[in-house]
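These notes are about the structure you will find just below.
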Amino acid sequence: MDLMTNSYLMELALIVGKIMLVVGPLLIAVAYLTLAERRVIGFMQLRKGPNVVGPFGMFQPFADALKLMAKETILPAGANKVVFVLAPMLTFVLALVAWAVIPFGEGLVIADINVGILYLFAISSLGVYGVIMAGWASNSKYAFLGALRSAAQMVSYEVSMGLVIINVLICVGSLNLTAIVEAQRGMWFALPLLPMFFVFFISTLAETNRAPFDLPEGESELVAGYFVEYSSMSFALFFLGEYANMILMSGMTTVLFLGGWLPPFDIWPLNIVPGPIWFILKVMLLLFVFLWVRATTPRYRYDQLMRLGWKVFLPFSLIWVVLTSGFLLYTGNLPAAVAG
């Protein structure tokens, strides 16, 4: 019995260690992504951005965190206090737990399950609940309108994202994310599925409420959207959750279309660079595009946002599913798991 208990405890400690190895660097990456955004947008607008706190402003994220922790948490008088407090926690936790199935390198994944894509779908769908809870519990018209906007936007673009992922699954014949990366050893899916790559990346901008699709935070009409009543660390959790979602969506794009941890070409010296380094570089490149788009594009109107999702991306991705499956069936390359 003691032997079984010790074995169980060792296995539990190993799992907790794996989780900390992912969550720790992820939280640091989220903190420095906030700094990177302010610096990149500053340079694009011919100004410097934060550069005072520490050398080159490197300690600015910690100063921001200290400021938010020192502030008072204000609970609106008419708010549902339990739901109000739970909403930012749910949003932040969901942004972290999705990383359980993302492979950083060959064998470097917390849970290498065979239904990794379904797991990511489930987690991303639950993200809507945190937004709705925040908007409803605030007891504010502006917060509720922002929550409805955000929920409608997230649901709309999840549909087209799902159809884009189906294109990838048809090519691979597996729901396992490691298998999807391994299937791109000869060629990244971003090349044969280039239109779907662009549709998926634009949909991730809408899914994370980033410019030019940041309608839930329309300052001119909704003040700050669904988190307008939040302050101190509850606001910080929403803030961190948004940036963690940006990194997650960049990681998903890397795994599905950019070959995950695989180098662009299997040649020396590219193939001697460790796989996790390639993964991190690709994620950083996509995050830079997130910031670039925010600095250079104006905000869409809400009707334009919905029209793009339902009348352009949805039919286009659906047609591409038919074309992809038809082409693979015609050439005899349809995976056995898909052909049935």
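Odds and ends about this structure:
- All-pairs alpha carbon distance profile, the chain, 10 Å steps from 0, percent: 5, 22, 32, 25, 12, 3, 0
- Enclosed volume per residue, in Å³, of the convex hull spanned by Cα atoms of region 143-266: 114 Å³
- Dipole orientation for the chain: of the candidates Q304, Y226, S156, Q304 has the Cα lying most toward the positive pole (charges on Cβ; Lys, Arg +1; Asp, Glu -1).
- For the chain, lysine pairs separated by 8 or more sequence positions, or belonging to different chains, with Cα-Cα distances below 25 Å total 6.
- Extension gain for the segment I267 to L148, taken as residue separation times 0.36 nm less the Cα-Cα distance, is 37.9 nm to one decimal.
- In order along region 122-135, phi translates into HN-Hα couplings of 4, 5, 5, 5, 5, x, 5, 5, x, 5, 4, 4, 5, x Hz, rounded to whole numbers, per the Karplus curve 6.51 cos²θ - 1.76 cosθ + 1.60 with θ = phi - 60° and x for Gly and Pro.
- Share of carbon and sulfur in the accessible area of region 37-108 stands at 72%, probe radius 1.4 Å.
- Backbone geometry of region 178-188 corresponds, through the Karplus equation with coefficients 6.51, -1.76 and 1.60 at θ = phi - 60°, to 3J(HN,Hα) couplings of 5, 5, 5, 5, 4, 5, 9, 4, x, 7, 5 Hz, x marking Gly and Pro.
- Top of A211, A111, A134 by mean-square fluctuation, Gaussian network on the chain, Cα under 10 Å: A111
- Reducing region 125-160 and region 1-53 to their Cα centroids gives an inter-centroid distance of 26 Å.
- Virtual spin-label span in nm between F327 and T296, 7 Å along Cα→Cβ: 2.7 nm
- Selected from S232, S203, S317 as most flexible by GNM, with the chain as the system and alpha-carbon contacts under 10 Å: S232
- Candidates T34, T208, T297, ranked by Gaussian network fluctuation over the chain, Cα under 10 Å, top entry: T297
- Debye log10 I(q)/I(0) for region 228-301, one point scatterer per Cα, at q = 0.14, 0.19, 0.23 Å⁻¹: -0.60, -0.87, -1.02
- Accessible area of W310 (1.4 Å probe, protein heavy atoms only, ligands and nucleic acids ignored): about 110 Å².
- Dividing the helix sum by the residues of the chain, where each DSSP H run of 4 or more adds -39500 (n - 2.57), gives a mean residue ellipticity at 222 nm of -22500 deg cm²/dmol.
- Solvent accessible area, Å² - M10, 1.4 Å probe, full protein context: 140 Å²
- Take the convex hull of the alpha carbons in region 94-165; its mean projected area over all directions comes to 5.5 nm².
- Ratio Rg/Rh [Cα only; Rh per Kirkwood] for region 277-331: 1.17
- Between G78, V93, I277, the Cα set farthest toward the positive side of the dipole of the chain (charges on each charged residue's Cβ, about the Cα centre) is that of G78.
- Once the 1.4 Å probe is applied to the protein heavy atoms, the chain comes out at 51 Å² accessible per residue.
The values are calculated or read from the model by the stated rules, or taken from the named source; none is laboratory data. Predicted model only: the values in this text are computed from it and were never measured. With ideal geometry, Cβ positions are generated from the backbone for all residues, glycine too; neighbour counts draw on all protein chains shown. The protein model used for the area step is the full one, side chains on, heavy atoms only, and it has no ligands, DNA or RNA in it. Shrake-Rupley method; radii C 1.70, N 1.55, O 1.52, S 1.80 Å.
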